[in-house]
Amino acid sequence: MERFLLKNIDSPDSAGIGEYLRTGGYASLKKAFGMEPADIIAEVKAAGLRGRGGAGFPTGMKWDFASRDPKFPKYLICNADEGEPGTFKDRPILEKNPHLLIEGMVISAYALKSERGYIYLRGEYPHARAVLDKAIAEAYEAGFLGGDVAGSGFRFDLSVHQGAGAYICGEETALIDSIEGRRGQPRIKPPFPVNVGAWGKPTVVNNVETLANIPLIVSMGAGRYSEIGNPECPGPKLFSVSCCVERPGVYELPMGIPLREIIYEHAGGVRGGRELKAVIPGGISTPVLTPDVLDCPMDFVNLPKRGSMLGSGAVMVFDDTVCLVRVCWRAMRFFEHESCGKCTPCREGTGWMRNILERMEGGFGRDGDIELLQDIARSIMGKTFCPLGDGAAGVVLGFLRNFSDEFMYHITNKKCLAESG
Amino acid sequence: MIKVTIDGRDVELEHPVTVLEAARKAGIEIPTLCYFEGLSPFGGCRLCLVEVEKLPKLQTSCTLMTADGMVVRTETEQIRAARRSMLEFLLINHPLDCPYCDKAGECELQDLVARYGPEAGRFAEGKRRHPESFDDPIIVRNMERCVLCTRCIRMCSELQASYSISVTGRGSHSFVEPFSGGRYDCEYCGNCLTVCPVGAIMSRLHRHSYRPWFVEKETETVCGFCGVGCSMVLQMRENSIIRAIPRRGVGFNEGLLCARGRFGYEYVEGGEELTTPLMRVDGELRQVSWEEALSFTARRLGEIRDEFGGGAVGAVASGRCTNEDNYMLQKLMRFVIGSNNIDSAARNYYAPAQIYLERIFGQGITANLIPGIANSDGVFVAGGDPTAINPILGLKIRAVWRSGGRVVVLGVPGGLKRFVPYELIPVPYSEEIVLSAIVGRLLERKPPGGANAALEAKLRDLRIPSDDELGSTGVSPEDVARVSEDLSSMSTPVVVIGPDMVQRRRASKSLFLLGAIAYLTNARIFLLADRPNYQGLLDMGCLPELLPGGRPVELEMFRHKAEEALGMKVPEQRGLNLFEMIDGAESGRLKALYVMGENPVFNLPDGVRVEKALGSLDLLVVQDVHLTETARLADVVLPATAWPEKEGTYTNLERRLQRVRKARRGKMASYGREDWRILADIAGRLGMTKTYQRVEDVWEEVMHVSALHTGLGYEEMDGGRALWPYYGEPLRGMEGDFTVEGLDGLPEVPAPERPYLMIERPLYHSGTFSRRSKALLAIQPGPYLKMNPELARRHGLTGGDKARISNGRGVLELEVRLDDDMPDNQVHVANTFEGFAAMRLAGFGTDPVTGALYMDDNTVRVEKVLR
Amino acid sequence: MDIMDEIRDLSRKYPDRRGALLPALYVVQKEAGWLSQEALDTVSRALNLPQATVKGVATFYAMYKHRPMGRHLIQLCTNVACMIMGAERLVDLISGRYGLEPGGTTDDGRFSLVIMECIGACDRAPAMLVDTDFHADLTADNIFEILEKYE
Ligand SMILES: Cc1cc2nc3c(=O)[nH]c(=O)nc-3n(C[C@H](O)[C@H](O)[C@H](O)COP(=O)(O)O)c2cc1C
Ligand code: SF4
Ligand code: SF4
Ligand code: SF4
Ligand code: FES
């Protein structure tokens, strides 16, 4: 497939504005200024773009809500927190194609009548920080940011706000708290950020990849754009493929591509030709699947039918040497570490589950542990303040649904099925 | 109208409220933990989950707003299971050391588990450990017990607005901490303790000595520390106060208290040094019987009256004593002895300010409600820090800020520092110029409407300073413009007046200007009161010129009414005020002084002179709870009962009448007596025929004598209902008759080389009483000299050094405390610690128009004490 | 520019001073590698925010340090992908060679070791950040070659 989002990234100067302009960059921006803001929103709606940050919310609809709110100023925030384990898809845009993101943000801001934008960049990406700062400076220099963007009279200021190591700040309301200089904990919804967001003002939070799609929609038009991939949720999609494959990496592929193709054609298959045991399709928070779902199209509509989610499109492939109890334990350690502490079930439940998994993994599993784990996870599920806790519960339930034998084996034999197999 | 169905019951709502509130309204109980009425919703504990039709997931009822047609269920198996799970989660890291925990018995978690919890926990892993912290003298923190409901944090930031604690860390390693991680650097209101549902933060004062079931008796009463008059509940055991707590729904303070109110109650346990009446025999105070003391006192008072006339006797009333006590002192003086020489330490500022403002606007001008402050959109504060003098009133000012209003402070903002958009600190004694400039600007922006002709006539004569003339004040013309702009943009403003605006030369002018600001902006006026019953003693007639009900004694009509009511005579001429009495004692004109519940040696300026003056009296009677500095000079000392040991009423600064209730038998039951009873006894010995059995009898008489208090029985005072003007008749027709000194001039602003000594009014201490509280002493153990680091540097001083301040009137040695927020032309010392009476060093005069005290010639030499 | 001004300058990017809190914490952390009470107090004064608020925020985020750190901060990811690709072995190796437990600092103050959650380098796992330098495809063979460059 033709690459749109990662166009050019193989060139050594891909991050520079010169290279970006040479290959047609900022042309969409100019085109956009010839359109009415409302028309751009309509175009994004028509294109059927769904957010790439995980939840898959229709972007045009979100913009519509924000633009209908009479309050000003409005804020546009790019979510570059990319904290979901297994996910590294935004990174090539941030590090190698930053002007695409900037162009996408300026167009979005114009459509939303926002004059101020922030890129909320995770603290763990210091290199991306340097690249973005430079690209923003270049864009100011070239007149694509600032008081009079490209001579249109439109004003837009943009800067990077760097996170400091908190996965929860990827959740949009926690992210807003974090930009405001608070402990990044999710806020009560409603009101939603599109009405009461940063500093109480209408705020749109979009993922890096989502915003990078905007120039494409503007240049191609909604009609052509929606022909890419699954027409129900079209567009190009970045997949980060990792763990036990020959060629881990980020792949730009049409939405809805079957999982099998991603793993076997693009990522070179399971490493060393080993047997595929399990796949997490959308980052650690999405439930694990067995190889019998390999033909499932990778998109927002089909994965839920198979008991998981597209999430951030982070495909984690496990072969038969991997101990899934250990994976599950490590995932739970992550959730315990990242739980913001606001709500009871997540704060207390993640630690409890990690404790049990740790025992189990270390050969001290007890009878009834599996039932207990399931019960704890069900007690959490659906009762947490934000999706992080649900995610943690879903992970455990996913592993126990599909791989309870392996967990059972661990308890009875006090060792690993993977090692013994 | 919103209609919702909860558990099959239809609930109709005027306004959208949360599902939880709607359910409670309908009498349906939903368990909660992080929810706390009056604090913002949090939604963290997840106990209040309910089912809502058409919504796929369970919803937290504390955060979900009702919508028309909503159908809610609160008791289903799914919900019960969820509650069990949440409680099980809360318990996994909870130490379950309930037998050792002081909270047991009133722990919300314990109660919730008993009612909704699982039969048994299934957690079989190691619990999180976190050592208990005893770093703070007042607050013990046990974070193993914390359920992270953040009620304390929201209390501290939303209502107390102190922002002194925070959740630190993340996830299950979150803890509630002050900045230091150990000792608190906060206002010690203890309001966080009230809202903590578990035993995670508790008062150290009753560690292991308090259990809810120890409480034998609870008494609802009113705090005895300041003029706000917060309601509180005293919890008693074995005739001892074990705890003072606020309670929501009791009093207008709505569950809040300040440090003095909550932790200062302990002083009543002191006072052991005064166990019987004392009489001076051969120059020394000796213990004597009540009979001996009373008959001596009555005899000597009678002799002096007979020999020199009633005018040779004076009395000092008390802002700590009840209305009944003060009324009786007034009766003894005016009607029995025949002297109008009665005044109190309210003379310092409260009384003259109040009377003067009433002369401008009429009686009751400051009778405004404290809770109402929070609804205003702007506050102008001048002359003192409300968050220290009247803390709960101060919180309402912070609330104005929180809801987007403006707070402007003239002077050092103190506890309002975080809430003011800019500082406005005039050079001492230039306030009058700044106020005139503000009024000048306001007149341009808001021409007066004609309602108060007298005031407007005087405004026309007001000399408005030019920009150049502002030069000496340290406040720029731009600042003045800003203030006036802010003031005129407020639609429901409040003007708060504190002591420092009154204790100046030409107090009449400052008060007039503040009154004018209030008038021009249509503001409500509040007058800060640092004693619980200053207003009450005024209304009881403890003033040289006013009878009970605030009626001028010199007007025959009023005098007659009073004489008729009591069948006794009153002298026609106004009496001496407090300072005139001191002068009179010095000159020998005044022979006897009766001091009730006051400590003039300590609380009046130029203490050396006061001491000398009192020493030259023929008779000094002191009636008090403690053996104060003044009592030590007395000829007779009569032990009185303390605040929790008596019944009566206080009138707060809103002029609300509230009952003070007796919580315990007098610790000194055998010897201490209620003030009014002692006074009535002496009056009886001097010829008064009327007798009183109970305090109600005294109040009966007040209702009869005072036109303000007609028909206002004790039963009318419950629930804070006794609001101005009660059923009484406010004094009308006297307003508008006032003079202002120096309207057409501007003062010279002195520029002394030495810094001024200013009296600080701190949060933790208020003087004679607070310095006996163990808790308040633990928070602030002693006096200090507060100064700006730059000023300190100029004197070779730094924080913690010992400094000597001195002038012709005395010397004090104090520890230096640096404070960036202080101007560099003054040092502050609180007048609260024995042996460190800052007032002694202050020079003073009496304002001829208002009779207020003004500070004068109070610069001090500052030196480092070398060790 | 003194540090107070630098912090106040940051707040120009935000509609209120508080917005600059996270960047301000980075600024003061740069000075000593960690956030002492004094450092937090500096931020509190520069932005006119309550001290407790500053502390609450600073301790929420894992990348602000509240203890002195070594001259170089090894931030090694051990999340699932890195774990599968051998990160835990590297932790053992580093611990063995420098006597450095996760969360600890070497006696000579050269290194501190912090275990990271996913740092977004799963395609080149295991990976780490040393100070702000990114290193990936780590193996038992190259790890010390890399670390030894940090004095
Ligand atoms: C725990 C949690 C973590 C999240 N992390 C990220 C993230 O790192 N990046 C991201 O773009 N969205 C993340 N999201 C989703 C955001 O809340 C939000 O939906 C998204 O930024 C919206 O942008 P989009 O509509 O463009 O996807 C996260 C959500 C949750 C609940
Ligand atoms: S589920 Fe609750 S504790 Fe967990 S991250 Fe979300 S709000 Fe915080
Ligand atoms: S005592 Fe008052 S000021 Fe201190 S932490 Fe508690 S609520 Fe805050
Ligand atoms: S200390 Fe008490 S009030 Fe504060 S969060 Fe913990 S349990 Fe809640
Ligand atoms: S009371 Fe509703 S979540 Fe705590």
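The values are calculated or read from the model by the stated rules, or taken from the named source; none is laboratory data. If you're wondering where the values come from, they're calculated on a predicted model, not measured in any experiment. With ideal geometry, Cβ positions are generated from the backbone for all residues, glycine too; neighbour counts draw on all protein chains shown. Accessible surface is based on the protein model in full, side chains and every heavy atom, while ligands, DNA and RNA are left aside. Shrake-Rupley method; radii C 1.70, N 1.55, O 1.52, S 1.80 Å.
Structural remarks
- Phi angles of region B:795-805 translate, via the Karplus equation with coefficients 6.51, -1.76, 1.60 and θ = phi - 60°, into HN-Hα couplings of 9, x, 10, 9, x, x, 5, 9, 10, 10, 10 Hz per residue; Gly and Pro are given as x.
- With a cut-off of 13 Å between beta carbons, the residues surrounding residue B:445 carry a summed charge of 0, where Lys and Arg count +1 and Asp and Glu -1.
- Shielding by partners - mean other protein chain Cβ count within 10 Å, residues of B:177-183: 4
- Length-normalised contact order for region B:84-135 - Cα pairs under 8 Å, 6+ apart - percent: 56
- Kyte-Doolittle at least 0.5, axis length at least 20 Å by Cα - qualifying DSSP helices, chain B: B:431-445, B:507-521
- A viscosity of 1.306 mPa s and a temperature of 10 °C, combined with the Kirkwood radius over C-alpha pairs in the Stokes-Einstein formula, give region C:44-151 a diffusion coefficient of 107 µm²/s.
- Rounded accessible area of residue B:174 (nearest 10 Å², 1.4 Å probe): 10
- Two-site FRET efficiency, residue B:522 against residue A:39, from Cβ-Cβ distance with R₀ of 60 Å, rounded to 0.05: 0.75
- Measuring heavy-atom accessible area with a 1.4 angstrom probe and counting protein chains only, the residues of region C:73-89 that give up at least 20 Å² relative to the chain alone are C:78, C:79, C:80, C:81, C:83, C:84, C:85, C:88.
- Buried accessible surface for the A/B chain pair comes to about 2600 Å², total over both chains, computed with a 1.4 Å probe.
- Each peptide in A:348-354, C:62-68 was scored by the mean count of other Cβ atoms within 10 Å over its residues; highest first, the order is A:348-354, C:62-68.
- Computed E for residue A:292/residue C:67 - FRET, C-beta separation, R0 60 angstrom, nearest 0.05: 0.75
- Sparsely packed loop sites in region B:572-605 (the GluC sites (Glu not before Pro) outside DSSP H, G, I, E and B with at most 12 other Cβ atoms within 10 Å) comprise B:572.
- Pairs exceeding 31 Å between alpha-carbon atoms, taken from A:134/A:237; A:201/B:446; A:89/A:415; B:217/B:774; A:277/C:65: A:201/B:446; A:89/A:415; A:277/C:65.
- Mean per-residue shielding of peptide A:246-259 is 1, counting Cβ atoms of other chains within 10 Å of each Cβ.
- Normalised contact order of chain B, rounded percent, pairs of Cα under 8 Å and 6 or more residues apart: 13
- Cysteines in chain C lacking a second Cys C-beta under 4.7 Å: C:118, C:122
- Candidate residues A:74, A:45: accessible-area rank, largest first, probe 1.4 Å: A:45, A:74
- Of all DSSP-defined beta bridges confined to region B:350-527, some 5% are antiparallel rather than parallel.
- Close amide H contacts of residue A:205 (hydrogens built in the peptide plane, cut-off under 5 Å, sequence separation of 5 or more or a different chain): A:77.
- In percent, rounded to a whole number, the relative contact order of region B:55-185 is 17, using alpha-carbon pairs under 8 Å and six or more apart.
- Only the Cβ atoms of Lys and Arg (+1) and of Asp and Glu (-1) were treated as charged; on that basis the dipole of chain C about its Cα centre amounts to roughly 620 debye.
- The charge dipole of chain B, taken about the Cα centre with unit charges on the Cβ atoms of Lys, Arg (+1) and Asp, Glu (-1), comes to about 1860 debye, rounded to the nearest 20.
- Residue mean of other protein chain beta carbons inside 10 Å, B:139-150: 1
- Taking the 1.4 Å solvent-accessible surface of the protein assembly as shown as the whole, the part contributed by carbon and sulfur is 49%.
- Rolling a 1.4 angstrom probe over the protein heavy atoms with all chains in place gives region A:174-232 an accessible area of 30 Å² per residue.
- Shape parameters for the protein assembly as shown, alpha-carbon atoms, Rg then Dmax in Å: 37.1, 122
- Selection from A:175, B:252, B:842, by position along the positive dipole direction of the protein assembly as shown (Cβ): B:252
- Placed amide H near residue A:319: partners under 5 Å, 5+ positions off or other chain: A:244, A:277
- Accessible-area value, residue B:180, 1.4 Å probe, nucleic acids and ligands omitted, Å²: 60
- The protein assembly as shown - charge dipole about Cα centre, Lys and Arg +1 at Cβ, Asp and Glu -1, debye rounded to 20: 1280
- Loop-located GluC sites (Glu not before Pro) across region B:143-219 with a Cβ neighbour count of 13 or fewer within 10 Å are B:216, with loop assigned by DSSP.
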